[in-house]
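Colleague: The structure is given below, and queries will be raised subsequently.
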Amino acid sequence: MVKKILFWVSTGILTLIMLFSIYNYFFNHQGIVDFFVNMGYPTYLIYPLAIAKILGLVSVWGNFSKWLKEWAYAGFFFNTMLAFFAHYMVSDGQHLFAIVAFFAVLISYFTGKQVRP
């Protein structure tokens with residue numbers, strides 16, 4: 001029962017953080033462009049990253065394929081890890097969301113393997 005609660009809470013937190021990120025990518029585009037430019041990242045990655053996050057959430061929640069879900073979690077793992085370092089390096093204070101998202105990814109992944117078929 002505890003594992004089910006951990007899975008649903010962590011997956012919910014991960015989803016909320018990713019939805020917030022997706023929202024910013026689409027509706028706070030200039031702020032995201034400024035951040036990407038400040039970090040030296042190419043701005044053409046903004047929309048593909050947003051779409052990848054949407055597809056990742058669909059594959060995690062949809063539970064269509066174990067293979068797809070594994071790739072989605074891998075993508076979220078690398079995204080949150082790299083987001084932490086990016087935010088930490090520019091000292092904008094947003095690295096805490098990345099830490100929370102990182103642990104949400106790990107908890108959701110490992111408890112999900114035990115809870116969901």
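The values are calculated or read from the model by the stated rules, or taken from the named source; none is laboratory data. Bear in mind the structure is a predicted one, so any value in this text is a computation, not a measurement. Neighbour counts run over all protein chains shown; Cβ positions are idealised from the backbone, glycine included. What goes into the accessible areas is simple: the full protein's heavy atoms, side chains included, and nothing from ligands, DNA or RNA. Shrake-Rupley method; radii C 1.70, N 1.55, O 1.52, S 1.80 Å.
Colleague: Give me a comma-separated list of calculated 3J(HN,Hα) values for the range 23-36, in order, Karplus coefficients 6.51, -1.76, 1.60 applied at θ = phi - 60°, integers in Hz, x for any Gly or Pro.
Modeller: 4, 5, 4, 8, 10, 10, 4, 5, x, 5, 4, 4, 5, 4
Colleague: Same structure again: Could you tell me what percent of the accessible area of the chain is made up of carbon and sulfur, with a 1.4 Å probe and every protein chain present?
Modeller: Working: 5470 of 7300 Å².
Here it works out to 75 percent.
Colleague: Quick one: accessible area per residue over the chain, 1.4 Å probe, rounded to a whole number of Å²?
Modeller: For the chain, the solvent-accessible area averages 62 Å² per residue.
Colleague: While we're here: Among VAL115, SER91, VAL58, whose Cα projects farthest towards the positive end of the dipole of the chain, with charges put on the beta-carbon of Lys, Arg (+1) and Asp, Glu (-1)?
Modeller: VAL115
Colleague: Related question: Short version: ³J(HN,Hα) in whole Hz for each residue of the range 47-61, in order, from phi by Karplus 6.51 cos²θ - 1.76 cosθ + 1.60 (θ = phi - 60°), x for Gly and Pro, what are they?
Modeller: Once rounded to whole Hz, the list reads 5, x, 5, 4, 5, 4, 5, 4, 5, x, 5, 4, 6, 6, 6.
Colleague: Name the residue farthest towards the positive end of the dipole of the range 1-113 from the options PHE26, TRP8, THR43, assuming +1 on Cβ of Lys and Arg, -1 on Cβ of Asp and Glu, about the Cα centre.
Modeller: Value computed over the given set: TRP8.
Colleague: How about the range 25-99: which trypsin sites (Lys or Arg not before Pro) there lie in a loop by DSSP and see at most 12 other Cβ atoms within 10 Å?
Modeller: Answer by residue number: there is no such site.
Colleague: Please list the radius of gyration and Dmax for the range 45-114, considering alpha-carbon atoms only, with Å as the unit.
Modeller: 12.7, 39
Colleague: Mind giving me the FRET efficiency for VAL58 and ILE99? R0 is 30 Å, r the Cβ-Cβ distance, nearest 0.05 is fine. Please report the intermediate quantities before stating the final value.
Modeller: On the way: r = 25 Å, r/R0 = 0.82.
E between VAL58 and ILE99, to the nearest 0.05, is 0.75.
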